1. For residues that are open to solvent by 20 Å² or more (accessible area, probe 1.4 Å) and at pLDDT 95 or above, tally how many sit in region 36-46.
2. Pairs needed: first member in region 89-114, closer than 27 Å to Ala181 by Cβ and open to solvent by 40 Å² or more (accessible area, probe 1.4 Å); second member anywhere, of a type in the set (Gly, Ala, Ser) and part of a helix (DSSP H, G or I); C-beta distance under 7 Å; at least 6 residues apart or different chains.
3. Within region 543-556, track down each residue that is open to solvent by less than 20 Å² (accessible area, probe 1.4 Å) and farther than 20 Å from Asp336 by Cα.
4. Of the residues Ala548, Ala535, which single one is at pLDDT below 95 and not in a strand (DSSP E or B)?
5. Limited to region 601-629, what total is found for residues that are of a type in the set (D, E, K, R) and in a loop (DSSP other than H, G, I, E, B)?
6. Please specify each residue of region 557-571 satisfying the condition of being buried (at least 24 other Cβ atoms within 10 Å of the Cβ), of a type in the set (Val, Ile, Thr) and out of contact with any Leu (no Cβ under 6 Å at 6 or more places or on another chain).
7. Any idea which residue in region 52-88 is least open to solvent (accessible area, probe 1.4 Å), counting only those that are more than 20 Å from Ala317 (Cβ to Cβ) and in a loop (DSSP other than H, G, I, E, B)?
8. So, of the residues in region 248-285 that are assigned to a helix (DSSP H, G or I) and among the basic types (Lys, Arg), which turns out to be farthest from Pro358 (Cα to Cα)?
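The values are calculated or read from the model by the stated rules, or taken from the named source; none is laboratory data. What you are looking at is a predicted structure, and each value in this text was computed from that prediction instead of being measured. Here the Cβ positions follow ideal geometry from the backbone for every residue, glycine too, while neighbour counts run over all protein chains shown. Accessible surface is based on the protein model in full, side chains and every heavy atom, while ligands, DNA and RNA are left aside. Shrake-Rupley method; radii C 1.70, N 1.55, O 1.52, S 1.80 Å.
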Amino acid sequence: MQLGRDRPVDHPVGVWPAELVATAAVAVGMVVTLVAVRVWLPSVLFIYGRAGSTPAADLAVFGLLPFVVALLVAATTIRVDVSRAAAPLAFALVAARLALQSTSGGTPQLVVATVAVTVGMVWLVVVATGAVPPRAAALGLVAGLALDAVLHAALRSQDLPWRDGAAAWFATLAVAATFAAASWATRGPQAGDRGQALPWISLGPAVGLLAIVAAVSRVETVTGVSPVVAVAVVGTAHVIGVVAAVAALGAPSRRAPGAGGVLVAVGLSAAVLAPMHVQTPPVRVAGTVALVVGVHLLLAVVGWPDGSGPSRRALGAAGGLFVLFVVVSGYYASYDVRFPFDRRALMVVAAVAAIAPPALARPASATARCRHAGVAVAVGVAGMTAAAVAAVAVRTPPGHPAPGRGFPVRVMTYNLHMGFDIAGRYDPDALAAVIGEEQPDIVALQEVDRGWFTTGSTDVLRALTERLQLPYVFAPAADDVWGNAVLSRYPMLDPQVVPLPRGRAAMARSALSVVVDVAGQPLGVVATHLHHVDADVGLRRRQVARVAALASDLAQQVGPVVVLGDLNAEPGAGELEPLATRFVDASVALGAPATYPSWRPRESIDHVFVSSELFIGRLSVPASPASDHLPVALTVGLRPLEAGGGG
């Protein structure tokens, strides 16, 4: 791909079609790499890590592999010209991406995803050495981040590797062919047209900030806007950012990284760091837009010429990617291991690592003459954003609540395993099929993930509600985008989210209560997910006591109540006493079916408690590998008044 290390070439990138081809190679390569990362992260977590059963140290060592390889390759550039490897690496990344499309979970998915991410990290390091001109590299980076965001949104957070069928394969082949062709046709920079090293450090932290804060699913969840509005907001932010980056490339000045740094700092503060009473939906939307635009301005500095040599640029890129690993792994590890500091401090670290290097870069002495490629990129991103908005707009929204038919009603509790089956594959269709087969009227869901980067930035709740056509209420627990939910075909009133005692546990828990209107008869519903560490019986008992008090208060207000959830305790366990003394444990009354793990159930930890006004029947525990838990479904009816509501 590169014909020489910063030497004149036979086909210099001096006219805009050639520059556009080089830009396309970097942009599509970024998309391919980020898709692979979103498959690799949950594969490490659920396949290699066995959903938390593998020691954290082993998990960290395995996760470091692609980034260590990238650092080693960067170190070799001190003595070896690796820029010629860009095209072969692009072809290797294409092959790995096609292989990833053919996997279906398990070890093959883990291995192929690891290879794809490793190759992608090395390819980015090689791009930084000068495989493409610095201007095309900068344009490609910002365009790639923008295109990845809008494509992920258009697919409703279910990336192509998680999809089967001819359409997914056709789209994958089209992306792969575009990347391969553009990489093959790209030629390197002319002599003296060298980019700067420091701005490359910003790439990794910038990707981390966008992935954690600015995913469309997260914006939708934390602001309450519709999916269409969320896509429009994020897509428009990227379009503005690309336009700003093009302008910064055309007239290099310290004002660009300065403005970018201010926007990132202000945006992160507004979207994440500010006190909760300040983080109103408009403030969070504005903060997200500012953050996205700021990131694009910072990365534009990569395109300033007259900078450092290839090895420094490579080491800068590899170092920035290593920061990405530290920030992402540390941020999400804090949900399992309680750190002595707030996890948001890692976002501040990422912001500083993204802002400082471009601010220290030297403004170019000469500007790039050709702007046509930048205009084409901006127009292309704007067109893809419009297409993404249209694609989301035509999707079937969740259904509206229907008038209740009266008792009896079918209730279900289901731990979703964040949408991933036991083979580590994201499959909302399988979960929807399991739920739909039971035809429940009310469903309590646990481990509802609406945008964690480590699970592919997916929104399993939106996916299920669209497939099942059931309205929902979401209750944050661990953070704004991870918690519990209740789905109901009948109207839900007075939703309340109650934090549960946390003690020294790393993960926060909550309980959600709603009143369901069953043909004029109110039914109180409490959904929860309790602390999971077996030895922490005392904490779990305090959480049960809070849930029992919530359910008792609800019973005084409306009468019949059901409590559903993953309580992480067996029937008859002492910590369940606050619930068991006030409500009937249907799990015991109907045989205490084992629900965990789903492939060999031996623990009965998913429960349905009911108040004395209700009778229970028709228990079902469908066997399915769609989650690591099995669901529990049963029918509850209202006892006749002459029965006295007891007995």
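1. 1
2. What qualifies is Phe91/Ala180; Leu98/Ala176.
3. Quick first cut of region 543-556, residues open to solvent by less than 20 Å² (accessible area, probe 1.4 Å) only: 543-544, 547-548, 551, 554.
Scanning region 543-556 gives Val544, Val547, Ala548, Ala551, Leu554.
4. Ala535
5. The qualifying residues number 3.
6. The answer is Val562, Val563.
7. Going through region 52-88, the residues more than 20 Å from Ala317 (Cβ to Cβ) turn out to be 52-62.
Retained after the next criterion (residues that are in a loop (DSSP other than H, G, I, E, B)): 53-55.
Details: Ser53: 73, Thr54: 16, Pro55: 75 Å².
By that ranking, first place goes to Thr54.
8. Taking the candidates together, the pick is Arg284.
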